[in-house]
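The values are calculated or read from the model by the stated rules, or taken from the named source; none is laboratory data. Model, not experiment: these values are computed from the prediction. In this analysis, Cβ positions are derived from the backbone assuming ideal geometry, glycine residues included, and neighbour counts consider all displayed protein chains. The protein model used for the area step is the full one, side chains on, heavy atoms only, and it has no ligands, DNA or RNA in it. Shrake-Rupley method; radii C 1.70, N 1.55, O 1.52, S 1.80 Å.
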Amino acid sequence: MKSAWADRDAEAAVARYADVSRQEFAKDLALRVYTTRLLGADPKLVLHGGGNTSVKTRLADLNGEPTEVLCVKGSGWDMATIEPPGLPAVRLEPLRKLRARDALSDEDMVRLQRANLIDPAAPNPSVETLLHAFLPHKFVDHTHSTAVLSLTDQPDGDALCEEVYGKRMGTVPYIMPGFALAKAAAEAFERDTSVEGLILHRHGIFTFGADAREAYERMIEMVTLAEQRLQRGRKAVFATAQLPQQAAALADVAPIVRGACSLKDEKTEGAWKRFILDFRGGDAVLAFVNGAEIARYALAGVVTPDHTIRTKNWPLIVPAPDADRLADFKQNVAAAVENFVGKYRAYFTANNARCGGIKKSLDPMPRVVLVPGVGLFGLGRSKKDARIAADLAEAAIETITDAEATGRYQALGDADLFDMEYWSLEQAKLGGAAEKPLAGQIVAVTGAAGTIGAATAKVFAAAGAEVALLDVNEPAAKDKAKAIGGTAIGLACDVTDAASVKAAFAKLVEAFGGVDIVVSNAGAAWQGRIGEVDEAILRESFELNFYGHQRVAQAATKVMLAQGTGGCLLFNVSKQAVNPGPNFGPYGLPKAATLLLVRQYALDYGADGIRANAVNADRIRSGLLTGDFIAERAKARGLSEKDYMSGNLLQREVTAEDVAQAFLSQALALKTTADVTTVDGGNIAAALR
Ligand SMILES: [Zn+2]
């Protein structure tokens with residue numbers, strides 16, 4: 001590992017955050033931001049919150065009094081992108097005084113830290129604030145380096161660290177973060193004040209220094225020494241287990257895993273708590289999951305305790321899927337999940353009893369699933385959370401692989417992990433914001449580059465779903481996905497081509513793990529007087545306006561059945577299906593067939609919890625109804641454009657957004673199937689009877 005310190009960058013940081021009125025403070029804070037970002041940018045050091053930094057400096061408090069403060073990383077800030085407000089200033093003297101106490105509860109610790117903030121609106125200082133405060137050094141850096149963990153997470157971790165660091169680093173046995181750890185770390189330093197840092201067993205590493213560069217470069221040097229040790233005397237690891245000749249495809253495996261890891265809602269019939277999946281393959285992951293001894297090293301426990309809130313203490317291991325025996329795989333996964341849930345419940349019950357029965361169980365589902373022959377999945381209630389779980393799982397694989405190559409991986413016991421997983425300060429990191437109605441659900445919209453499709457994808461994303469925008473125009477689909485932002489994706493999909501639909505659904509499933517709601521929206525209008533129209537035109541329209549819907553619904557149903565958690569098929573039909581317009585037969589006829597298709601899906605798959613509904617919309621500004629076309633029709637009828645567009649019972653123009661909201665309400669109505677909702681401002685001739 002190389003130092004990324006550059007004088008020019010450090011100077012630029014100082015110039016950027018310079019504040020002449022509070023010069024010493026501003027310069028210290030600028031350099032603190034600079035090296036915090038250097039540490040945060042390297043996933044081998046810091047990953048999703050595993051680390052923090054501080055600087056001791058002076059500033060004028062709100063009364064203008066010079067005050068000694070500790071600027072320490074605040075919760076909710078990412079080290080890689082931190083700004084000065086992410087390092088709130090806490091009065092140092094009151095923190096130091098706490099050291100005289102014998103004990104301090106977590107609640108009191110948090111209260112005291114907040115009470116001594118210079119800015120009362122600042123974020124909560126790190127749970128490791130006191131550790132920083134009790135050390136005398138100006139700059140203190142802390143990471144959960146994967147290489148250091150590979151050394152400490154071994155039965156003889158102490159001896160290995162002694163061999164690598166000699167007297168240069170102090171050592172602290174595992175203690176949960178908080179007051180007790182802060183005191184133990186200060187004592188470890190005071191036993192030999194010449195040390196350059198501290199190794200916290202099965203947790204991470206601290207380095208310190210008189211200036212930003214010294215503390216940072218000590219971190220790089222100490223981690224490099226760990227890395228070099230891990231390169232020496234390596235033995236071969238992970239002898240491969242017997243695996244099927246041909247592993248099942250990811251697109252077949254993911255929905256089975258996702259379905260088995262869904263939780264039925266006990267209160268609302270038809271509702272599920274579902275997860276989004278994030279897949280990782282690659283050589284290191286495959287070597288790990290294909291190992292004959294996977295149950296020993298993969299189930300030993302997390303590499304550093306703060307991973308538990310994201311990954312739980314163990315992953316779920318499922319049997320290798322054989323491409324020809326998917327039904328067996330489905331059964332095996334269900335059994336493995338049941339076993340996992342039982343184990344998690346037993347772990348909770350036993351440890352909760354130890355803690356006086358005051359904790360409330362989190363959901364018992366795994367957050368990491370290892371699939372021999374295929375790879376691993378991170379699970380989360382959103383794609384973002386699924387990625388975090390997968391990132392941590394990959395980092396854990398690196399740590400465990402290196403530990404096994406030089407010795408033997410060993411983790412902390414269940415009790416320590418339970419204390420961390422159910423620690424209120426750790427759970428607080430996840431935030432308690434209320435979830436959106438479609439959190440955990442995956443939605444695909446076809447014809448998504450069009451006006452109604454794009455509006456629909458946007459509405460579903462705002463409702464908390466992960467959305468995939470499918471369109472025959474791939475660049476346009478990607479553009480619309482980009483406009484929605486977040487984790488929305490755009491995929492090529494020509495619904496008139498079975499192979500294209502199949503490929504698009506495979507990509508969708510690989511990206512998110514499955515599908516729950518499909519809005520089959522792609523369509524186009526053909527005109528012609530029915531007695532004279534060319535049969536080719538009629539057939540072309542049927543390909544898109546009927547068979548297109550059938551292909552999409554069929555592909556979606558296959559995934560939904562593999563998941564076994566129901567689903568929802570939504571179709572953009574048209575008022576033409578019930579109230580044909582003159583010379584619009586080539587459009588209305590396949591749409592009428594599609595209306596019946598909706599009912600057929602509702603009938604055939606109701607018992608599987610798959611709902612099928614339709615929206616009949618009319619007169620929406622879109623690719624079908626362009627500005628020119630509207631102007632022409634309005635003129636032909638001697639109406640203004642406005643009157644033409646609002647020529648309905650309510651005399652209101654209907655928009656793509658209105659159609660999107662209708663789809664959303666159908667998706668949320670768990671007891672509604674075979675429904676047709678009209679979104680046309682009122683048109684009695686098009687009303688269903
Ligand atoms: Zn830590």
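A few notes on this one:
- Hey, VAL318 of a type in the set (A, V, I, L, M), within 16 Å of the ligand (Cβ to nearest atom) and out of contact with any His (no Cβ under 8 Å at 6 or more places or on another chain) or not: no
- Under the condition of being more than 13 Å from the ligand (Cβ to nearest atom) and either crowded, with 22+ Cβ neighbours inside 10 Å or assigned to a helix (DSSP H, G or I) (or both), the residues counted in the range 155-190 number 20.
- When the range 47-61 is limited to residues that are open to solvent by 10 Å² or more (accessible area, probe 1.4 Å), at pLDDT below 95 and not acidic (Asp, Glu), the one that is nearest to GLY178 (Cα to Cα) turns out to be GLY49.
- Flag if LYS384 is among the charged types (D, E, K, R) and part of a loop (DSSP other than H, G, I, E, B): no
- Neighbours by Cβ (under 6 Å, 6+ apart or cross-chain): first from the range 46-65, more than 16 Å from the ligand (Cβ to nearest atom); second of a type in the set (S, T, N, Q): ASP61/THR67
- Those residues of the range 624-673 which are within 39 Å of the chain's Cα centre (by Cα) and open to solvent by 70 Å² or more (accessible area, probe 1.4 Å), in sequence order: LEU624, GLU657, GLN661, LEU668, LYS671
- Where strands (runs of 3 or more DSSP E) fall wholly inside the range 458-566, the ranges with 1 or more residues that are open to solvent by 40 Å² or more (accessible area, probe 1.4 Å) are 489-492.
- Top-ranked residue in the range 429-451 [being open to solvent by less than 20 Å² (accessible area, probe 1.4 Å) and of a type outside the set (Gly, Ala, Ser); ranked as nearest to the chain's Cα centre (by Cα)]: ILE442
- Within the range 621-633, residues that are without any contact (Cβ under 8 Å) to a residue 24 or more places away in the chain have Cβ atoms under 8 Å from residues that are surrounded by 14 or more Cβ atoms within 10 Å (Cβ to Cβ) in these pairs: LEU625/ARG619; GLY627/ARG621; ILE630/ARG621; ILE630/GLU641; ILE630/TYR644; ILE630/MET645; ALA631/GLU641; ARG633/TYR644, counting only partners at least 6 apart in sequence or on another chain.
- Among the residues listed as LEU135, LEU92, the single one being away from the ligand (no atom under 16 Å from the Cβ) and open to solvent by less than 30 Å² (accessible area, probe 1.4 Å): LEU92
- Of all residues making up the range 112-132, the number that are part of a loop (DSSP other than H, G, I, E, B) and within 16 Å of the ligand (Cβ to nearest atom): 4
- Among (1) within 16 Å of the ligand (Cβ to nearest atom); (2) assigned to a loop (DSSP other than H, G, I, E, B) - the single one ALA4 does not satisfy: (1)
- Entry remark, the range 355-372: residues being in contact (Cβ under 8 Å) with a residue 12 or more places away in the chain and either farther than 22 Å from VAL257 by Cβ or in a strand (DSSP E or B) (or both) number 7 in total.
- Flag for ASP106 being buried (at least 22 other Cβ atoms within 10 Å of the Cβ), within 16 Å of the ligand (Cβ to nearest atom) and not hydroxyl-bearing (Ser, Thr, Tyr): no
- Inside the range 191-201, residues that are open to solvent by less than 40 Å² (accessible area, probe 1.4 Å) and in a loop (DSSP other than H, G, I, E, B) make up a count of 3.
- Just one of the numbered conditions (1) open to solvent by less than 20 Å² (accessible area, probe 1.4 Å); (2) within 16 Å of the ligand (Cβ to nearest atom); (3) aliphatic (A, V, I, L, M) is not true of ILE276: (2).
- Entry remark, the range 69-116: residues being without any contact (Cβ under 8 Å) to a residue 60 or more places away in the chain and touching a Phe, Trp or Tyr at 6+ places or on another chain (Cβ under 6 Å) number 1 in total.
- Restricting attention to the range 338-352, the residues that are surrounded by 15 or more Cβ atoms within 10 Å (Cβ to Cβ) and of a type in the set (Ser, Thr, Tyr) add up to 2.
Yes/no matrix, rows are residues, columns are (1) over 30 Å from GLU227 (Cα atoms); (2) modelled with pLDDT of 90 or more; (3) in a helix (DSSP H, G or I); (4) out of contact with any Lys or Arg (no Cβ under 6 Å at 6 or more places or on another chain):
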site: ALA390; (1), (2), (3), (4): no, yes, yes, no
site: ALA396; (1), (2), (3), (4): no, yes, yes, yes
site: ASP402; (1), (2), (3), (4): no, yes, yes, yes
site: ALA405; (1), (2), (3), (4): no, yes, yes, no
site: GLN410; (1), (2), (3), (4): no, yes, no, yes
site: ASP416; (1), (2), (3), (4): no, yes, yes, yes
site: GLN427; (1), (2), (3), (4): yes, no, yes, yes
site: ALA434; (1), (2), (3), (4): yes, no, no, yes
site: ALA439; (1), (2), (3), (4): yes, yes, no, no
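- Filtered by the rule that a residue be in a loop (DSSP other than H, G, I, E, B) and touching a residue at least 60 places away in the same chain (Cβ under 8 Å), the range 311-324 gives LYS312, ASN313, PRO315, VAL318, ALA320, PRO321, ALA323, ASP324.
- Only residues that are within 15 Å of the ligand (Cβ to nearest atom) and hydrophobic (A, V, I, L, M, F, W, C) were counted in the range 191-221, giving 7.
- Taken together, GLY233, GLY170, GLY209, GLY204 contain a single residue that is farther than 26 Å from GLU68 by Cβ and more than 33 Å from the chain's Cα centre (by Cα), which is GLY233.
- THR143 vs. criteria within 16 Å of the ligand (Cβ to nearest atom) and either buried (at least 24 other Cβ atoms within 10 Å of the Cβ) or among the aromatic types (Phe, Trp, Tyr) (or both): yes
- Considering only residues in the range 75-89 that are buried (at least 16 other Cβ atoms within 10 Å of the Cβ) and of a type in the set (A, V, I, L, M, F, W, C), the one that is farthest from the ligand (Cβ to nearest atom) turns out to be ALA89.
- Search result, residues across the range 172-210 that are hydroxyl-bearing (Ser, Thr, Tyr) and under 24 Å from TRP423 (Cα atoms): TYR174
- Boolean, VAL72 is away from the ligand (no atom under 16 Å from the Cβ), surrounded by 20 or more Cβ atoms within 10 Å (Cβ to Cβ), modelled with pLDDT of 95 or more and closer than 26 Å to ARG310 by Cβ: no
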